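J.: What follows is a structure written as structure tokens; I'll ask about it next.
The values are calculated or read from the model by the stated rules, or taken from the named source; none is laboratory data. As the structure is a computational prediction, the values presented were derived from the model and not from experiment. Note that each Cβ is placed from the backbone with ideal geometry, even for glycine, and that neighbours are counted across all protein chains shown. SASA here: full protein model, heavy atoms, side chains in, ligands and nucleic acids out. Shrake-Rupley method; radii C 1.70, N 1.55, O 1.52, S 1.80 Å.
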Amino acid sequence: YAQGRKATNINLIRNRFLNVLYEALVNDKHTTLDFIYGNIEEKKLIPLDGQQRLTTLFLLHYYISQHEGVNEEEWLFLKQFSYETRISSRDFCTHLLTFTPDFTLNNLSGQIYNEAWFLMEWESDPTVQAMLVMLDDIHNKFKDSQGLWPKLMGNAITFYLLPLKDLGVTDELYIKMN
């Protein structure tokens, strides 16, 4: 999950992206996050490109649902988000959804580190570490905002889905292009 890495150029990219999301939700400036390529299999989106944006959207949905005290029935769909190849990241996301941070504190990642379910191996997992960085930055950006859940669930932030099967190509073409 590159958007959460700690590097000067990535910090700029992350901040710009969070600014776009903030403008869409807080200032009602709808945004479309371009194309996400992949396939839908058994009613599941399997992305080949767009994982960065989807992971950030997952974290944003988690954050806002917890920050605004949204009923679990409304955010239960987040439990369907999963990493197929990164088992540790999948496990982290599963545990994260059971946790409600103290939003009066500045550092969400520190709270998560102190949870009994947080595994020591995640301290050296770059994807989990990047998610924690992103959560802290989301918190810094959105902590003073309220009433965002309906906008987030509406059409304030959208993307185009381009199923590769509809184009008559397989993921091999996409892999070769990258």
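J.: Ignoring ligands, DNA and RNA, what percent of the accessible area of the chain is carbon or sulfur (1.4 Å)?
T.: Carbon and sulfur: 51 percent of the exposed surface of the chain.
J.: May I pose another question? What residue among Trp149, Trp75, Trp117 has the largest mean-square fluctuation in a Gaussian network model of the chain, using Cα springs under 10 Å?
T.: In this elastic network of the chain, the residue with the biggest mean-square fluctuation among Trp149, Trp75, Trp117 is Trp117.
J.: While we're looking at this one, here's another question. Compute the helix-to-body angle for 87-96: its Cα long axis versus the longest principal axis of the chain, expressed 0 to 90° and rounded to tens.
T.: Here the helix axis deviates by roughly 40 degrees.
J.: Here's something else I'd like to know. Using alpha-carbon pairs under 8 Å, 6+ residues apart, how would you state the relative contact order of the chain in percent?
T.: 38 percent
J.: While we're here: Can you find, among His139, Ser65, Phe159, the residue farthest towards the positive end of the dipole of the chain? Put +1 on the C-beta of Lys and Arg, -1 on that of Asp and Glu.
T.: Among His139, Ser65, Phe159, the one farthest towards the positive end of the dipole of the chain is Phe159.
J.: Compute the signed sum of charges (Lys and Arg +1, Asp and Glu -1) over the other residues within less than 12 Å, Cβ to Cβ, of Gln52. Intermediate results must be reported in sequence, preceding the final value.
T.: Details: positive: Arg5, Arg14, Arg53; negative: Asp34, Asp49.
Result for the local shell: +1.
J.: Oh, and also: Relative to 2.2 N^0.38 Å, what does the C-alpha radius of gyration of the chain come to as a ratio? Two decimals please. Could the numbers behind the result be given before it?
T.: Details: Rg = 16.4 Å, N = 178, 2.2 N^0.38 = 15.8 Å.
Compared with the compact-globule rule of thumb, the chain sits at 1.04.
J.: Next question. Straight-line reach only, C-alpha to C-alpha below 12 angstrom: list the aspartates and glutamates that Lys79 could link to, leaving out same-chain residues fewer than 8 apart.
T.: Output for Lys79: Asp91.
J.: Next question. Using helices alone, I'd like the mean residue ellipticity at 222 nm for the chain: each DSSP H run of four-plus residues gives -39500 (n - 2.57), total over residue count, nearest 500. Each step should come with its number before you reach the end.
T.: Details: 8 runs with 85 residues, N = 178.
Computed mean residue ellipticity for the chain: -14500 deg cm²/dmol.
J.: Skipping prolines and chain starts, which residues have an amide H placed within reach, meaning under 5 Å, of the one on Leu161, given they are 5 or more residues away or on another chain?
T.: For Leu161, the qualifying residues are Ile36.
J.: Another question about this same structure. Under 12 Å from the Cα of Lys151, which aspartates and glutamates turn up, not counting those fewer than eight places away in the same chain?
T.: The qualifying aspartates and glutamates are Glu23, Asp28.
J.: To test your reading of the geometry: what angle, between 0 and 90 degrees and rounded to tens, separates the Cα axis of helix 8-26 from the longest principal axis of the chain?
T.: Helix 8-26 sits at roughly 80 degrees to that axis.
J.: Provide the per residue accessible area, probe 1.4 Å, for the chain, rounded to a whole number of square angstrom. The partial results should precede the final answer.
T.: Numbers: 10200 Å² over 178 residues.
On a per-residue basis, the chain sits at 57 Å².
J.: Counting Lys +1, Arg +1, Asp -1, Glu -1, what net charge surrounds Leu25 among other residues with beta carbon under 14 Å of its beta carbon?
T.: Local charge sum for Leu25: 0.
J.: Given the options Glu68, Glu121, Glu42, state which has the largest fluctuation in a GNM of the chain using a 10 Å cut-off (strictly under) for Cα springs.
T.: Residue with maximal mean-square fluctuation among Glu68, Glu121, Glu42: Glu42.
J.: Which of Ser88, Ser124, Ser145 moves the most in a Gaussian network model of the chain with Cα springs under 10 Å?
T.: Ser124
J.: Further, regarding this structure: Which distance in nm do the two modelled labels at Glu121 and Lys151 give, with both placed 7 Å along the Cα-to-Cβ direction?
T.: 4.0 nm
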